[in-house]
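Colleague: Below are the structure tokens for one structure; questions will follow.
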Amino acid sequence: MIQVNGGSSMAVSRLSLPQLAPRAGAPAADRAHAPDCSECPPPAPDHVRAARRMIDSHGRVIRDLRLSITDRCNFRCVYCMDPGVRFMERERLLTTPEIIRVARVAASLGVRKIRLTGGEPTLHPELTEIIGGIRAATDVEIAMITNASRLSRAALREWKQAGLERVTISIDSLRPERFARLTRSTCTPGDVLDGVSMCLDEGLTPLKLNAVLIRGFNDDEAPMLAELARRFGIEMRFIEYMPLDSGRAWDPSKWVAAAETRRAIGARHELVACGDDEASSTARTYRFADLPRDASARIGFIAPVSSPFCGACSRLRLTADGKVRPCLFSTREWDLRALLRGPSTSDDAIAGFLIDATWTKQAGHGIATPEFEQPARSMSAIGG
Ligand code: SF4
């Protein structure tokens, strides 16, 4: 009996997986890249490769692919990107056909959700083609995370028409001067809220909002941001500040625990745990006690530092330059772009690479442990 981890705690052990029957008619994923290639993942056990599913050595199954399609962004959020950041040359970034091909192969290995990220994905000149290509090649759910600074009804309708189903929007402050200092952009909270209204009008739902709280910077705004959930009937999520900034300025004194944020909001509105979150979901959600049980207004807490959810993680990431990152905090990443651009690379070779890379996925981020090492790559070049 194979044990696939859906919801257990962080303490996971290396499972010896029994032989899995290969899917009927599906050739074993072959391994086209050089055995000693340092940019390539070591081979996963044959029985895992024969199963043609992305499973890691802790028994977790990958169902969500976070696809970064660009490292460019028009914001310079203090917890993410330094003002002096240099973007990658275009030829290093995956092309639209390459992105669609990886999405198609990943879907054949069990991926059910693809989230398009960046940098800022709306900056990609072929975003519509990417969405449409993934739509045509797969039946996965297609979502996008955006800072909503460049949304228009025409663009939203075009992306929806192409296959985009829902969006998540980042908003870390409702105070214009603070928003400007946080994002180092000319955009305003009003612009972002206009984007929220447009997305709701165009049916890109369920819509979620994300805010990263930094102590002494915007943590006092949690109750005000929570009101957005009631105002728009959406899920407002608070993310604990993580050590992934290119400036390496993260320190624990600036981090606000989800429990503290929950108390601050609870002082204004009583919150009740929904208790229906998927095991692999990053957020733990709450509803407002004074609203009907089925109201869509919710508050979510994403607490990777105080309450890691790695035990049931189902995510894999692909960076805009084609590196597979099994974990957000991976300090090792695998170069799929070289394989994609290799002579006559087969889909099976790409599948084998994804399966092998997944097998190397670490148990968790280890942020609070002495061994923790902040990845060399910052959030803006990984994608949310
Ligand atoms: S830190 Fe890594 S293992 Fe943990 S939830 Fe995030 S991606 Fe998954």
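The values are calculated or read from the model by the stated rules, or taken from the named source; none is laboratory data. Source: prediction; values computed, not measured. Heads up, the Cβs are rebuilt from the backbone with ideal geometry, glycines too, and the neighbour counts pull from every protein chain shown. The protein model used for the area step is the full one, side chains on, heavy atoms only, and it has no ligands, DNA or RNA in it. Shrake-Rupley method; radii C 1.70, N 1.55, O 1.52, S 1.80 Å.
Colleague: Read through the list (1) open to solvent by less than 20 Å² (accessible area, probe 1.4 Å); (2) over 24 Å from Arg112 (Cβ atoms), then give the number of the only condition that Ala154 fails.
Modeller: Answer for Ala154: the failing condition is (1).
Colleague: Out of (1) open to solvent by 20 Å² or more (accessible area, probe 1.4 Å); (2) modelled with pLDDT of 95 or more; (3) part of a loop (DSSP other than H, G, I, E, B), the odd one out for Arg287 is which?
Modeller: (3)
Colleague: Here is a follow-up. Name every residue in segment 45-95 that is touching a residue at least 24 places away in the same chain (Cβ under 8 Å), farther than 30 Å from Asp191 by Cβ, in a loop (DSSP other than H, G, I, E, B) and out of contact with any strand residue (DSSP E or B) (no Cβ under 8 Å at 6 or more places or on another chain), in order of residue number.
Modeller: Pro45, Arg52, Asp56, Ser57, His58, Gly59, Arg60
Colleague: Still on this structure: Would segment 236-253 turn up any residue that is outside any loop (DSSP other than H, G, I, E, B), over 20 Å from the mean Cα position of the chain (by Cα) and loosely packed, with under 13 Cβ neighbours inside 10 Å?
Modeller: yes
Colleague: Filter segment 111-136 for residues that are out of contact with any Gly (no Cβ under 9 Å at 6 or more places or on another chain), surrounded by fewer than 20 Cβ atoms within 10 Å (Cβ to Cβ) and over 21 Å from Lys323 (Cβ atoms) and give the result.
Modeller: Within segment 111-136, Arg112, Pro125, Thr128, Glu129 qualify.
Colleague: Let me ask another. Among (1) within 16 Å of the ligand (Cβ to nearest atom); (2) surrounded by 22 or more Cβ atoms within 10 Å (Cβ to Cβ); (3) part of a loop (DSSP other than H, G, I, E, B), which single condition is Gly300 missing?
Modeller: (3)
Colleague: Sort through Arg332, Arg325, Arg315 and tell me the only one that's within 15 Å of the ligand (Cβ to nearest atom), under 30 Å from Glu260 (Cα atoms) and of a type in the set (Lys, Arg).
Modeller: Numbers: Arg332 fails: under 30 Å from Glu260 (Cα atoms); Arg325 fails: under 30 Å from Glu260 (Cα atoms).
Within the list Arg332, Arg325, Arg315, the selection yields Arg315.
Colleague: Moving on to the next point. Hey, can you tell me all the residues within segment 173-193 that are touching a residue at least 12 places away in the same chain (Cβ under 8 Å), open to solvent by 10 Å² or more (accessible area, probe 1.4 Å) and either in contact with an Asp or Glu (Cβ under 7 Å, 6 or more places away or on another chain) or not β-branched (Val, Ile, Thr) (or both)?
Modeller: Leu174, Arg175, Pro176, Arg178, Arg181, Arg184, Ser185, Cys187, Gly190, Asp191, Leu193
Colleague: Just to verify a result, which residue in segment 343-353, among those that are open to solvent by 20 Å² or more (accessible area, probe 1.4 Å) and of a type in the set (Gly, Ala, Ser), is nearest to the ligand (Cβ to nearest atom)?
Modeller: Filtering segment 343-353 for residues that are open to solvent by 20 Å² or more (accessible area, probe 1.4 Å) and of a type in the set (Gly, Ala, Ser), the one nearest to the ligand (Cβ to nearest atom) comes out as Ser346.
Colleague: Moving to a separate point now. Filtering segment 311-327 down to residues that are in a loop (DSSP other than H, G, I, E, B) and crowded, with 22+ Cβ neighbours inside 10 Å, which residue is farthest from the chain's Cα centre (by Cα)? Quick ask: steps written out before the conclusion?
Modeller: Step one: filter segment 311-327 for residues in a loop (DSSP other than H, G, I, E, B), giving 313-314, 319-322, 326-327.
Still in the running and crowded, with 22+ Cβ neighbours inside 10 Å: 313-314, 319-320, 322, 326-327.
Working: Cys313: 11, Ser314: 11, Thr319: 11, Ala320: 13, Gly322: 15, Pro326: 12, Cys327: 10 Å.
Out of the qualifying residues, it is Gly322.
Colleague: Now for a different question. Looking at segment 121-132, can you tell me whether even one residue there is outside any loop (DSSP other than H, G, I, E, B), of a type in the set (S, T, N, Q) and touching an Asp or Glu at 6+ places or on another chain (Cβ under 8 Å)?
Modeller: yes
Colleague: Which of the numbered conditions does Phe353 fail, given that it passes all the others? Conditions: (1) assigned to a helix (DSSP H, G or I); (2) free of Cβ contacts under 8 Å to residues at least 12 places away in the same chain.
Modeller: (2)
Colleague: If I filter segment 354-370 down to residues being surrounded by fewer than 19 Cβ atoms within 10 Å (Cβ to Cβ) and more than 9 Å from the ligand (Cβ to nearest atom), which single residue comes out as nearest to Arg101 (Cα to Cα)?
Modeller: Filtering segment 354-370 for residues that are surrounded by fewer than 19 Cβ atoms within 10 Å (Cβ to Cβ) and more than 9 Å from the ligand (Cβ to nearest atom), the one nearest to Arg101 (Cα to Cα) comes out as Thr360.
Colleague: Using the structure shown, decide if Arg263 is at pLDDT 95 or above and out of contact with any helix residue (DSSP H, G or I) (no Cβ under 9 Å at 6 or more places or on another chain).
Modeller: Against the criterion (at pLDDT 95 or above and out of contact with any helix residue (DSSP H, G or I) (no Cβ under 9 Å at 6 or more places or on another chain)), Arg263 qualifies.
Colleague: Restricting attention to segment 258-279, does a residue exist that is open to solvent by less than 30 Å² (accessible area, probe 1.4 Å), within 12 Å of the ligand (Cβ to nearest atom) and touching a strand residue (DSSP E or B) at 6+ places or on another chain (Cβ under 9 Å)?
Modeller: Within segment 258-279, not a single residue is open to solvent by less than 30 Å² (accessible area, probe 1.4 Å), within 12 Å of the ligand (Cβ to nearest atom) and touching a strand residue (DSSP E or B) at 6+ places or on another chain (Cβ under 9 Å).
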